[in-house]
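Just so you know, all these numbers are worked out from the coordinates, no wet-lab data involved. The model shown is predicted, which means the values in this text are computed figures rather than measured ones. Note: ideal-geometry Cβ built from the backbone for every residue, glycine included; neighbour counts use all protein chains shown.
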Amino acid sequence: MNTLAHLEATIAARRNASPEESYVAKLNAKGLPKIAQKLGEEATEAVIAALSGSNEELVGESADLLFHLLVLLDAKGVSFDHVLAELERREGLSGIAEKASRKDA
């Protein structure tokens, strides 16, 4: 099992744990808005690390960002495999062409 798949399984297993014993459970207890807010905070921290931090800081913030993205996906019932399938679907398309193909582009 790869690292992201293992992490996804761990997050799912901890979703309904005691919020006093699990950070994932604590986030889920606070609801989707808090999970989304935390993801946004981590994204901002990754941007700041990219612009003014070291590579090590960027790696750490990127790990936090991926973790919180997986927590959000889990809370919404979306598997990471679904995200990977979408990336595979887009493979070979230019970003400009892919965006133009969306209905709301």
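The table for this structure:
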read-out	value
Dipole in debye (nearest 20) - the range 3-78, about Cα centre, beta carbon charges: Lys, Arg +1; Asp, Glu -1	460 debye
Sorted peptide list for 27-39, 9-21, criterion being average Cβ within 10 angstrom, highest first	27-39, 9-21
Three-way shape call for the range 4-105 based on the alpha-carbon gyration tensor, with the a/c threshold at 1.5	oblate
FRET efficiency, 1/(1 + (r/R0)^6) with R0 22 Å, evaluated for Arg90 and Asn2 via beta carbons	0.60
Rg/Rg_ref, the range 31-87, where Rg_ref = 2.2 N^0.38 Å and atoms are Cα	1.21
